[in-house]
Structures are given as C-alpha cells and as structure tokens.
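The values are calculated or read from the model by the stated rules, or taken from the named source; none is laboratory data. If you're wondering where the values come from, they're calculated on a predicted model, not measured in any experiment. Here the Cβ is made from the backbone with ideal geometry for all residues, glycine too, and neighbour counts use every protein chain on show.
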Amino acid sequence: MDIPFKPIKLEDKEIITSFTFPGDYRNCDFSFANMCSWRFLYDSEFAIADGNLLIRFMIENKSRFAYMMPIGNGDLADAVRLLEEDSLKHGHPLCMLGITPDAKEQLESVLPGSFFYIPERDYFDYIYLREDLATLRGKKYQPKRNHINKFKKRYSYEYIPITSDIVPQCLRLACKWYEANHEDNAGEELNDERRSLTYALHHFDSLGLIGGALRVDNEIIAFSFGAPINHQTFGVHAEKADVHFDGAYTVINQEFASRLPEQYTYVNREEDLGIPGLRQAKLSYQPAILLEKSVAIKKQLMQAK
C-alpha cells in the first residue's frame, strides 16, 4: 500500500504531538518544533498508518529518503515493513536515523537480526537533569557558579520571557552572532541554522516554544528557547549570546533551566555535531545521559539464483 505521507506543517502539531508527547523517546528528533522549523532542509513528511506515526525526510542533498523510528500503539513490525516498501519503491534499502538503544531493543524484539546499526557519535544527544542545570549544586559545578557570580558582579541584568515584543531584538542578536561566527567551511550549516532559528522565532507561539532572554541596559544580550519532546523531557533548540558579555551563556543556561516546569525531569541540549568546542562545552555540564543514536539499515534478503 502507498503510505499517505504529507508535508509537516504548523497545523499538524496537535496530531503529531499526540504520538510523541506520551512516548518515551527522548531524542531531539521527536520535537515537533524541530521537525517543523527544519522542514525546509529535509522536506519532512508524516503519515498516520495503523496506529503509528511515520516520518520520512530527504538526506544526501535530497537524493533519497530516510525515516524515523515509528511511534505509536500499532504493530511495529508492520510499520517497519510499510517503511521498507516505501523506501525500496524509491530505489534504496530502508534507512532509519536517530535510533536510540531503546528503539534498537524494540526493533530487535520484533525483527531480530534484520538491521545493521552504525552509531553516529557526532549526533549523540546530551541529556541533563533539569535540577542539575537549574541549581548547579555540588563541587562539579563550582566553575559554573564562579562564572555566574563574576557575571552578576559585573552586570546588572534582568531575565525576561521571550514574547512577540522582543523577537526583533532576539533576531538582531542572532544576526550579530552569525556574522561573528561565520566561517567559509561552516557557512552553509550556519545559514541553515539561521533559517531554522528565524522561522522558529517568527512562529514562536504556534510551535509551542518556551524561551527567555537576558537584558542588560535595555539590550538583549542572550536568549534561549525550546519545546517539550515528550512528557518528561524538554528540548533546548537554540541558545545565543553576545560573547562580549563574559558568562552570558552560563547565566542564560541556568536562568532558563530554573524556570522550566518541574514535570520535565530531563533537558535535552541536542548534539555537538563533532565540533570540538561545542563538545567540550556540553560535556562540562556533566550530562546524565549521553544518548547514543545510530543509523539502522535494513538487511536485504539474498535473492535465490
């Protein structure tokens, strides 16, 4: 059967999150805000089939489809077979991205030995306890507390929620950040991120985003925003700061985390993309979980001669 895939749009938030919010997958790929704000790059599509949410998107310069782990209460083996039929119809073996250990366990329980799994370290998610980021208690966070104390002594600031009133100021700061960080070897990636961030800020409420900013002398010098991934995990999707304000990143991180609803035990701060400085920064916050994500490629049955 043909799966009734259709482009992911803002108005699909309710139906998609009805599958993702109750689920147990904590990877950032299941954030609706991420799916929607990055759709321009991946042509992401979804379908509901036999009680499962199915998602496909384009990879390798939009030359082939890849898929996410089916999620829902329908038959998993049947859902995988549907995805495989769709992929083979387009000329490629089934390839699923972002497969976490719990997803792998589920796949193996219904289709044992059917996949090759290739871990992708650059795309592992950094997941923290919300309480750790909010309080920064203990010896391991002493350097972070010192950084925050220096900032507070030097600057008089206020923390404000992101609303439509300050979106233009956040966009100006983002523009300043991208100009300062633009490098030829990362130009395309930064342009893609900038486009996603701009879309998210322009559709902040519709995407269900929550965010906050630091203001010094009536100027936004840092902001952060994100959205729930599931019922107990919140995803931080963007964080930008003016590096001329030493400690601004540390302060916005702590201030934002301290205001997240307590229902979110975990905070997913996404992957490091193999960028050494970003990896070091994310590790310095002592993740509770370094969430492994793999490519799962369906093995092909040998054709009898």
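Summary of values
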item	result
Boolean, Asn230 is without any contact (Cβ under 8 Å) to a residue 12 or more places away in the chain, outside the structural domain of Glu11 (by TED's automatic domain parsing) and polar (S, T, N, Q)	no
Pair list, Cβ under 8 Å, 6 or more apart: segment 72-88 residue in contact (Cβ under 8 Å) with a residue 12 or more places away in the chain, other residue among the aromatic types (Phe, Trp, Tyr) and part of a helix (DSSP H, G or I)	Gly72/Phe19
Test: residue in segment 109-116 that is more than 27 Å from Asp12 (Cα to Cα), touching a helix residue (DSSP H, G or I) at 6+ places or on another chain (Cβ under 7 Å) and either among the polar types (S, T, N, Q) or part of a strand (DSSP E or B) (or both)	yes
Yes/no for Cys175 being in contact with a strand residue (DSSP E or B) (Cβ under 6 Å, 6 or more places away or on another chain) and assigned to a helix (DSSP H, G or I)	no
Segment 185-200 - residue that is exposed (fewer than 13 other Cβ atoms within 10 Å of the Cβ) and not charged (D, E, K, R) and, of those, modelled with the lowest pLDDT	Asn185
Which numbered condition Thr233 fails, given (1) crowded, with 22+ Cβ neighbours inside 10 Å; (2) more than 16 Å from the chain's Cα centre (by Cα)	(2)
Residues being in contact with a helix residue (DSSP H, G or I) (Cβ under 7 Å, 6 or more places away or on another chain) and either closer than 17 Å to Arg64 by Cβ or surrounded by fewer than 21 Cβ atoms within 10 Å (Cβ to Cβ) (or both) - total across segment 117-133	1
Index of the failed condition, Asp24 passing every other in (1) closer than 24 Å to Leu291 by Cβ; (2) surrounded by 17 or more Cβ atoms within 10 Å (Cβ to Cβ)	(2)
Residue match in segment 222-234 (condition: under 20 Å from Lys282 (Cα atoms), in contact with a Cys (Cβ under 6 Å, 6 or more places away or on another chain) and not aromatic (Phe, Trp, Tyr))	no
Set Arg64, Arg56: member being among the basic types (Lys, Arg), closer than 20 Å to Glu84 by Cβ and in contact with a Phe, Trp or Tyr (Cβ under 8 Å, 6 or more places away or on another chain)	Arg56
Positions within segment 98-114 being surrounded by fewer than 20 Cβ atoms within 10 Å (Cβ to Cβ) and among the aliphatic types (A, V, I, L, M), in sequence order	Val110, Leu111
Test: residue in segment 287-303 that is over 17 Å from the mean Cα position of the chain (by Cα), more than 13 Å from Ser224 (Cβ to Cβ) and among the basic types (Lys, Arg)	yes
Residue within segment 132-144 that is in contact with a strand residue (DSSP E or B) (Cβ under 8 Å, 6 or more places away or on another chain) and modelled with pLDDT of 95 or more present	yes
Pairs where the first residue, in segment 23-43, is over 15 Å from Ala227 (Cα atoms) and the second is assigned to a loop (DSSP other than H, G, I, E, B), C-beta under 7 Å, 6+ apart	Arg39/Ile8; Asp43/Lys62
